[in-house]
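This report concerns only the one structure given below.
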Amino acid sequence: MGNYYQPEIETMPVEQLKELQSKRLVEQVQYVYDRVPFYKKRMQEAGLEPGDIKGIEDLHKLPFITKDDLRDEYPYGLLAVPLSECVRIQSTSGTTGRRVVAFYTQGDVDIWEECCARAIMAAGGTKEDVCHVAYGYGLFTGGPGLNGGSHKVGCLTLPMSSGNTERQIQFMEDLGSTILCCTPSYAANLGEVINEGGHRDKIKLKAGIFGAEPRTEEMRHNIEESLGIKAYDIYGLTEISGPGVSFECEEQNGMHIQEDHFIPEIINPETGEVLPEGEVGELVFTCITKKAFPLLRYRTRDLCYLTRKKCSCGRTHIRMHKPMGRSDDMMVVKGVNVWPSQIEAVLLKQGYQANYQIVVDRVGNNDTIEVQVEMTPEMAKENVAVPEREKKIVHGLKSMLGIKVNVSVLEPKTIARSEGKAVRVLDKRNLYTK
Ligand code: DLL
């Protein structure tokens with residue numbers, strides 16, 4: 001293994017890891033208390049002094065931070081160093097309200113890139129690889145994060161950004177890309193064009209690092225098959241640094257959280273109570289090494305569970321299950337909780353690709369939900385009537401969700417392809433406007 005597989009940290013005995021976390025947490029609490037008036041005020045309101053936090057066993061005493069806090073404190077309210085110490089900003093992809101802006105010192109960027117380097121190495125990357133980064137570059141953290149990680153591993157890095165699919169494929173062929181980094185929806189899109197254009201034999205991809213959005217296991221398998229690769233998951237969020245907060249190893253069974261930098265907790269989203277390992281709840285992170293924008297007990301809104309079951313790769317860092325939804329993007333339709341991933345699972349099980357859109361509306365007092373999905377080119381050649389296909393999906397969705405969903409099966413290539421994060425849900429009810 002090369003430089004950025006760090007066995008002394010990644011396979012550190014758990015007791016030792018907890019000691020390291022405790023030490024870093026205690027220092028970090030004092031650090032933010034001294035430097036950020038927001039934290040001092042919040043802690044005082046909770047009746048806390050920095051000395052009350054003696055180790056990770058006291059973490060639960062600290063107040064939470066939410067996205068609303070970040071919006072209220074925009075842009076500089078949570079900054080813990082002078083602006084002259086910052087070398088970078090990145091921002092969330094949120095389309096409503098104020099964006100969240102995260103600041104980085106050079107040290108913060110180094111740690112972030114190191115986390116991405118670990119992810120690339122866990123996917124088998126070495127300096128012999130050609131790493132094709134097709135996440136968006138710019139304010140979005142995907143491109144810059146994986147780009148930096150790829151440099152650290154020593155791969156030849158192709159900073160492609162997203163879009164211009166023909167050019168992506170041309171470079172893949174000409175330069176022999178071996179690792180592809182992009183969203184799973186864009187990977188599916190690339191796989192489709194590569195196969196249709198007869199390029200499959202000319203590409204040398206062996207692995208993909210696909211994160212930033214939900215996808216089902218069926219979708220992972222479809223991507224692996226269409227590109228002939230192993231598809232690894234990677235998770236992260238701008239507020240905490242970007243991609244690389246956690247990533248999959250060769251086990252492909254949950255993502256190891258970089259516990260030397262981030263302490264995870266799972267809480268009950270209603271009550272804030274900390275839940276035991278294995279229970280599903282909202283993921284909360286505390287950054288213990290960041291200097292510019294160090295969030296303590298930040299509520300991600302991502303729902304998942306944690307496990308410290310032994311992993312065959314030897315890493316001891318706790319694993320998180322891929323987010324199973326968000327405590328805030330779950331839709332309530334006709335009074336029923338609906339996650340887009342449930343709908344996707346039904347579609348993929350029936351052989352469709354992940355080219356679909358969900359339209360939710362309200363007529364009078366009644367909610368309507370429609371799923372529009374494309375046939376694959378093979379399906380379009382089959383002798384099955386469209387209404388028959390629709391009936392089958394309606395039935396599958398009824399058994400999964402317990403409600404009637406209208407379904408439209410469309411011709412291939414009628415739904416706009418994603419180049420970044422796919423927008424799957426069009427909720428016309430505007431239930432979330434304030
Ligand atoms: O999406 C960072 C990233 C870039 C992660 C590239 C992985 C790869 P944000 O734009 O701030 O940051 O969005 C963060 O995206 O709270 C999750 O809801 C979702 N998300 C991120 N990774 C995954 C994943 C980047 N692997 C939000 N699976 C998070 C499911 C994910 N959802």
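If the elastic network links every pair of Cα atoms under 10 Å, which of E378, E196, E273 fluctuates the most in the Gaussian network model of the chain? Residue with maximal mean-square fluctuation among E378, E196, E273: E378. Here the peptides 165-172, 246-253 are ranked by packing, the mean other Cβ count within 10 Å, and the order with the highest first is 246-253, 165-172.
What is region 136-273 by shape, rounded, prolate or oblate, if you read a ≥ b ≥ c off the alpha carbon gyration tensor as root eigenvalues and call it rounded for a/c under 1.5, prolate for a/b larger than b/c, and oblate otherwise? Write down the numbers at each step before the final one.
Working: a/c = 2.12, a/b = 1.66, b/c = 1.27.
Here region 136-273 falls in the prolate category.
Label point of L83 set 7 angstrom out along Cα-Cβ; within region 105-133, amide nitrogens under 17 Å from it belong to 105-106.
Between N366 and A385, residue separation times 0.36 nm minus the direct Cα-Cα distance comes to 3.9 nm.
Taking the longest Cα principal axis of the chain as reference, the axis of helix 184-196 is set at about 40 degrees. For the chain, the 222 nm mean residue ellipticity estimated from helices alone, with every DSSP H stretch of n ≥ 4 adding -39500 (n - 2.57) and the total spread over all residues, rounds to -9500 deg cm²/dmol. Using only alpha-carbon positions, what ratio does the radius of gyration of the chain give when scaled by 2.2 N^0.38 Å? Expressed relative to 2.2 N^0.38 Å, the Cα Rg reads 1.01. In terms of its C-alpha gyration tensor, region 1-115 comes out oblate, because a/c is 1.5 or above while a/b does not outweigh b/c.
Heavy atoms of the protein chains alone define the surface here; on that basis the chain has 44 Å² accessible area per residue at 1.4 Å probe size.
Each of the peptides 148-154, 31-37, 423-429, 226-232 was scored by the mean count of other Cβ atoms within 10 Å over its residues; in descending order, highest first, they stand as 148-154, 226-232, 31-37, 423-429. Length gained on full extension, E8 to K204, computed as 0.36 nm times the residue gap minus the Cα-Cα distance: 67.3 nm.
Per-atom-type breakdown for region 271-334 gives carbon and sulfur 54% of the accessible area (1.4 Å probe, protein chains only). Shown is the FRET efficiency for Q350 and T271, computed with R0 = 35 Å from the Cβ-Cβ distance and rounded to the nearest 0.05: 0.35. The stretch between E173 and H321 holds 49.9 nm of extra length on full extension. This uses 0.36 nm per residue minus the Cα-Cα distance. Protection proxy ranking for 411-419, 176-184, using the average of other Cβ atoms within 10 Å per residue and placing the highest first: 176-184, 411-419. Across the cross-link table entries K392/K413; K334/K413; K18/K291, which are compared at the Cα atoms, the separations over 23 Å belong to K334/K413. For the chain, DSSP calls about 60 percent of its internal beta bridges antiparallel. Here the calculated FRET efficiency for D72 and S341, from their Cβ-Cβ distance with R0 = 25 Å, stands at 0.20, rounded to the nearest 0.05.
With an a/c value of 1.5 or above and a/b not larger than b/c for the gyration tensor axes a ≥ b ≥ c computed over the alpha-carbon atoms, region 375-429 is described as oblate.
Angle, helix 386-401 long axis vs. longest principal axis of the chain, Cα atoms, 0 to 90°, nearest 10? Helix 386-401 sits at roughly 30 degrees to that axis.
Using the alpha-carbon atoms, what tilt in degrees (0 to 90, nearest 10) does helix 142-153 show relative to the longest principal axis of the chain? For 142-153 against the chain, the angle is about 70 degrees. Atom-type composition of the exposed protein surface of region 150-199 places 51 percent of the accessible area on carbon and sulfur (1.4 angstrom probe).
The charge dipole of the chain, taken about its Cα centre with unit charges on the Cβ of Lys, Arg, Asp and Glu (plus for the first two, minus for the last two), comes to roughly 640 debye. Note on I403 and E250: the model spin-label points, each 7 Å out from Cα along the C-beta direction, lie 4.5 nm apart.
The values are calculated or read from the model by the stated rules, or taken from the named source; none is laboratory data. Keep in mind the model is a prediction, meaning the values are calculated, not measured. Cβ coordinates were reconstructed from backbone atoms using ideal geometry, including for glycine residues, and neighbour counts include every protein chain displayed. Quick note on the areas: whole protein, heavy atoms, side chains included, nothing else; ligands and nucleic acids left out. Shrake-Rupley method; radii C 1.70, N 1.55, O 1.52, S 1.80 Å.
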